[in-house]
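Asks: Have a look at this one.
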Amino acid sequence: MLDLFSEEAPWQEPLAEGATILRRRAREEAPALIEALLAVAQQNPFHHRITPGGHRMSVAMTNCGDFGWSSDSRGYQYTEQDAENGRKWPPMPLLFRQLALDCAREAGFPQFTPDACLINRYAPGAKLTLHQDKDERDLRQPIVSVSLGLPAVFQFGGFARGDATQRVLLEHGDVVVWGGPSRLRYHGILPLKPGDHPLAGAFRYNLTFRRAF
Ligand SMILES: O=C(O)CCC(=O)C(=O)O
Ligand SMILES: [Mn+2]
């Protein structure tokens with residue numbers, strides 16, 4: 001299929017102090033990223049986790065890297081194994097690691113060393129309510145988030161759940177990096193609208209790179 005935008009160079013949009021959108025930054029790598037994440041999911045399938053409050057999450061998740069994030073009735077945690085099957089998480093593909101390092105550096109965080117990558121899969125209607133990423137030990141390390149497939153509305157708020165939020169559309173290949181003074185900002189994803197993406201079909205995928213320990 002002819003893609004009129006494939007030659008478009010990536011550009012940066014500041015979101016807040018310490019938070020930047022790298023528009024289209026991962027577009028070139030996207031086919032390989034999707035292939036690699038599907039390979040991870042073949043080794044360790046997507047699951048809908050249960051929140052500590054007993055709700056089934058609408059987003060399906062898996063992980064790769066030394067540690068993986070998950071949720072169950074006891075709370076949120078990073079573990080070396082998937083509690084679902086007792087197996088170690090698949091290794092983080094080199095392509096993932098390199099992209100995360102490059103994006104972090106371009107956004108002003110040259111010291112980023114991710115040890116975990118959470119892979120989210122959104123089907124139509126799936127959402128992530130406003131939350132902070134705060135289960136990581138060293139909050140000086142940023143979060144690097146890569147959007148693939150169908151577009152979604154990202155909410156980026158303040159330091160209390162009720163603070164006003166910015167709403168930004170994240171499209172295929174967009175990368176958001178937040179750290180420093182923005183590291184603990186609330187953020188979320190509004191319910192995904194149905195669609196058909198040439199590479200991802202009915203889904204949106206999101207990779208978040210983190211330093212867990
Ligand atoms: O899907 C996204 O863009 C955000 C994901 C996120 O905030 C998370 O997994 O903690
Ligand atoms: Mn998050």
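Bear in mind that the values in this text are calculations on the coordinates, not laboratory data. Keep in mind it's a predicted model, so treat the numbers as computed, not measured. Using ideal geometry, Cβ is built from the backbone for each residue, glycine included, and neighbour counts are taken over all protein chains shown.
Asks: Determine the relative contact order of the chain: mean sequence separation of Cα pairs under 8 Å and six or more apart, normalised by residue count, in whole percent.
Replies: Relative contact order of the chain: 25 percent.
Asks: Taking amide H positions as placed 1.01 Å from N in the peptide plane, with prolines and chain starts having none, which residues 5 or more places from residue 24, or on another chain, fall under 5 Å of its amide H?
Replies: 174, 175
Asks: What size of dipole, in debye to the nearest 20, comes out for the chain about its Cα centre when the only charges are +1 on Lys and Arg C-beta atoms and -1 on Asp and Glu C-beta atoms?
Replies: For this selection, approximately 620 debye.
Asks: Along the charge dipole of the chain, pointing to its positive end and built from +1/-1 on Cβ of Lys, Arg, Asp and Glu, which listed residue (96, 58, 14) has its Cα farthest out?
Replies: Most positive-ward Cα: 58.
Asks: Spelling out what I want: for every residue of the range 185-197, take phi, set θ = phi - 60°, compute 6.51 cos²θ - 1.76 cosθ + 1.60 (Karplus), and round to whole Hz; glycine and proline get x.
Replies: Couplings: 5, 5, 7, x, 10, 6, x, 5, 7, x, x, 9, 9 Hz.
Asks: Using +1 on the beta carbon of Lys and Arg, -1 on that of Asp and Glu, and nothing else charged, what's the dipole of the range 17-117 about the Cα centre, debye to 20?
Replies: My answer is approximately 220 debye.
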